[in-house]
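Novice: Sharing a structure with you now.
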Amino acid sequence: MSMNRRSLIKAVLAGGALMGVGVLLPRAAMAAWASKAFEATEQGTAMKALFGGEMPVASADVVLDAPDIAENGAVVPVSVSTEMAGVESISIFIENNPAPLAAQFVIPEGTAADVSTRVRMGKTTNVTAVVKADGKLYSATKEVKVTIGGCGG
């Protein structure tokens, strides 16, 4: 039990140190931020900016959980998980949004590849999750119907 407590304390301290570096050196902490991908106005452009020329292949190993119908597009819950080995990142794209790249999560080695967030959707469109694992891209896509738009619609 004390070993688990020590591991937890070390992890909390390490996380605090990393956050401190981000506060003291924001440019260094944000160096890997994919600004061109987040600023893109089309999904294909955002994917190209984030992943280069490689396009993801559909995979049943990528589990995308999103509602069939979103009553309010301002707060649409989306979860992505996978049991794949070597997961490096998980990205979420909302195809017809003004900025299609909604989120990118960097997954540290040895961490469960399971993320959840809430996204804004302006209208009915496809939500695509892209998992980068061992340098390859895998995806899952689901259409979400939006009854009240959340992106100013």
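We did not get these values from a lab; they are worked out from the coordinates using the rules stated. Worth saying up front: this structure is predicted, and the values here are computed from it rather than measured. Note that each Cβ is placed from the backbone with ideal geometry, even for glycine, and that neighbours are counted across all protein chains shown.
Novice: At a Cα cut-off below 24 Å, give the lysines reachable from Lys123, other chains included and same-chain residues fewer than 8 away excluded.
Specialist: Lys36, Lys48, Lys142, Lys145
Novice: Right, next: Run the dipole for the stretch 34-146 about the Cα centre, Lys and Arg Cβ at +1, Asp and Glu Cβ at -1, nothing else charged, and hand back the magnitude in debye, nearest 20.
Specialist: 360 debye
Novice: Would you order Thr124, Thr147 from fewest to most other beta-carbon atoms within 10 Å of each residue's own beta-carbon?
Specialist: Placing the least packed residue first, the sequence is Thr147, Thr124.
Novice: Let me ask another. Gain in length, Ala112 to Lys48, computed as 0.36 nm per residue apart minus the alpha-carbon separation, to one decimal in nm?
Specialist: Gain on stretching Ala112 to Lys48: 20.4 nm.
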